[in-house]
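A short write-up of the structure that comes next.
The values are calculated or read from the model by the stated rules, or taken from the named source; none is laboratory data. These figures come from a predicted structure and were not determined experimentally. Using ideal geometry, Cβ is built from the backbone for each residue, glycine included, and neighbour counts are taken over all protein chains shown. Side chains included, ligands, DNA and RNA excluded: accessible areas come from the protein's heavy atoms. Shrake-Rupley method; radii C 1.70, N 1.55, O 1.52, S 1.80 Å.
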Amino acid sequence: MMKGIAVLGATGSIGRSTLDVISRHPHLYKVHLLAAYRSINEMEDLCNQHHPSFALMGDLESAEELTARLRLQSQIKVFGGQEALDSLVVDAGVDIVVAGIVGFAGLRPTLKAALAGKKILLANKEALVSAGTLFMDAIKAGGATLLPLDSEHNAMHQCLPIQPDGTPDMAHVDKILLTASGGPFRGRDRKSLKHVTPDEACAHPNWSMGRKISIDSATLANKGLELAEACWLFDRTPDQIEVLVHPQSIVHSLISFTDGSILAQLGQPDMRTPIAYCLAWPRRISAGVDRLDLVASGDLTFEAPDETAFPCLALARKAINVPGGMCVFSAANEVAVAAFLERSILFTDIDRIINATLKSLAQKSEPNSIDAVEALDARARLHATNVIKNFTSNSNMSAWE
Ligand code: NAD
Ligand code: MG
């Protein structure tokens, strides 16, 4: 039967890859909702190509502008604002929600979709790690199916025995081996990273992605977020997951079982593969991705991560064990990455800002409501912003040393 899809973050890297896969299978999928923040030109083009029933812009002015531009397309209803998105994702015409908004902004609509029992394809890892228990409880309470789009977690899902409701059977798992490319600065020492530019940091060797996750890959904060993501998705503690740097990004992660077997999933570094896997699960559909040529791809190598040059991974490991720690980690990271992209701070300040925020905002218990999660996120953002202000008002940047 034809499935209705809601693509949250439609104009982004994940959104576009999803629409590419969907458009290859018009008999299986229909775009019901496209949502983005304020990229109007891109959204107008997507509406003309995919003819959704609903289009939403998070920014109200952009929604007005889109309404004007699409006025001749009377079959597309345009909405504006975050609250409208919360109600559109639970529309009866939506079977599958692709959570492709970047950062904490994706949390509310994803939780609504979970409570409404939708099938959720999760790229927006910041939402899961910030809300943790609350997120997983919403999936259970709504009877939703949660499938990981993130390539590593998708690989884990592909290597694990999966029960009919989509949940993995972890009974005979010894360890999860989470791979990391190491990013554009692999092999460099911390001192040489101080003055790298946003463009250098965004130049990922294997993947083409949005700017925020590209910076996260360069600092290894992305691997920290993914470590927490794997803990929630596969019910593990951080010590049951080992991070392996694999610079070729061909092996997307591995599962080590108690009998000594290790299963891996291999493929091109192209998000259309995990997207197609999740859309069709438990079946398979074509993704438009060329078959991996193992002879041409050459050596596959593995090494341990350098946590001295890239402290974000160790910071995340600590934060996972503190109540609300990953909410604070993720919020401080978002603020720091935005400041780095604006060139107000140095690349090596990102982990310092996360560390300073984590130290000041220790929690006694996990936030247990969406309001409490939002309040903690806001406090962490304010704190990180103040850390940056103090820092930039002090013209001697090396004061941070
Ligand atoms: P991107 O910057 O390319 O796109 C982000 C999208 O989110 C845009 O469409 C933007 O308009 C939308 N958006 C932002 N704020 C919004 C708001 N308040 N309301 C509605 N829409 C909003 O980012 P991306 O690279 O596609 O990443 C999206 C998410 O997927 C991130 O959480 C990232 O970590 C995760 N992810 C991405 C990749 C990848 O290959 N790009 C891989 C794994 C996981
Ligand atoms: Mg990933």
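Looking at region 266-305 only, could you name the residues that are without any contact (Cβ under 8 Å) to a residue 12 or more places away in the chain and in a loop (DSSP other than H, G, I, E, B)?
Arg283, Arg284, Arg291, Asp293
Matching residues to (1) open to solvent by less than 10 Å² (accessible area, probe 1.4 Å); (2) without any contact (Cβ under 8 Å) to a residue 60 or more places away in the chain; (3) within 14 Å of ligand 1 (Cβ to nearest atom):
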position: Lys175; (1), (2), (3): no, no, no
position: Gly182; (1), (2), (3): yes, no, no
position: His195; (1), (2), (3): no, no, no
position: Cys202; (1), (2), (3): no, yes, yes
position: Asn206; (1), (2), (3): no, no, yes
position: Gly210; (1), (2), (3): no, no, yes
position: Ala221; (1), (2), (3): yes, no, yes
position: Glu229; (1), (2), (3): yes, no, yes
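Please specify each residue of region 114-129 satisfying the condition of being within 16 Å of ligand 2 (Cβ to nearest atom) and in a strand (DSSP E or B). Quick ask: steps written out before the conclusion?
The initial filter retains those residues of region 114-129 that are within 16 Å of ligand 2 (Cβ to nearest atom), namely 121-129.
Residues satisfying the conditions are Leu121, Leu122.
Find the residue count for region 93-110, including only residues that are closer than 21 Å to Trp281 by Cα and away from ligand 2 (no atom under 16 Å from the Cβ).
Counting residues in region 93-110 that are closer than 21 Å to Trp281 by Cα and away from ligand 2 (no atom under 16 Å from the Cβ) gives 6.
Kindly indicate whether any position in region 152-165 is open to solvent by less than 30 Å² (accessible area, probe 1.4 Å), away from ligand 2 (no atom under 16 Å from the Cβ) and within 21 Å of Phe302 (Cα to Cα).
Checked against the condition, which is being open to solvent by less than 30 Å² (accessible area, probe 1.4 Å), away from ligand 2 (no atom under 16 Å from the Cβ) and within 21 Å of Phe302 (Cα to Cα), region 152-165 yields no hits at all.
Here's a check for you: in region 88-106, which residue that is touching a helix residue (DSSP H, G or I) at 6+ places or on another chain (Cβ under 6 Å) and under 25 Å from Tyr29 (Cβ atoms) is most open to solvent (accessible area, probe 1.4 Å)? Can you show your working first?
Pass one, region 88-106, residues touching a helix residue (DSSP H, G or I) at 6+ places or on another chain (Cβ under 6 Å): 89-90, 97-100, 102-104, 106.
The next check asks that each one be under 25 Å from Tyr29 (Cβ atoms); those that pass are 89-90, 97-100, 102, 106.
Values: Val89: 0, Val90: 59, Val97: 0, Val98: 1, Ala99: 2, Gly100: 18, Val102: 91, Gly106: 1 Å².
Step by step, filter region 88-106, then rank; the result is Val102.
Of Ala84, Ala36, which residue is closer than 22 Å to Glu334 by Cα and either open to solvent by less than 40 Å² (accessible area, probe 1.4 Å) or of a type outside the set (Gly, Ala, Ser) (or both)?
From the options Ala84, Ala36, the qualifying one is Ala36.
Can you tell me which residues in region 132-151 are open to solvent by 20 Å² or more (accessible area, probe 1.4 Å) and either within 16 Å of ligand 1 (Cβ to nearest atom) or touching a Pro at 6+ places or on another chain (Cβ under 7 Å) (or both)?
Leu146
Please state which of the following conditions Leu72 fails to meet, knowing it meets all the rest: (1) open to solvent by less than 20 Å² (accessible area, probe 1.4 Å); (2) among the hydrophobic types (A, V, I, L, M, F, W, C); (3) over 30 Å from Ser330 (Cα atoms).
Every listed condition holds for Leu72 apart from (1).
Can you name the helices (runs of 4 or more DSSP H) wholly within region 167-265 that have at least 2 residues being within 16 Å of ligand 2 (Cβ to nearest atom)?
Working: elements: 198-202, 211-219, 221-234.
It comes to 211-219, 221-234.
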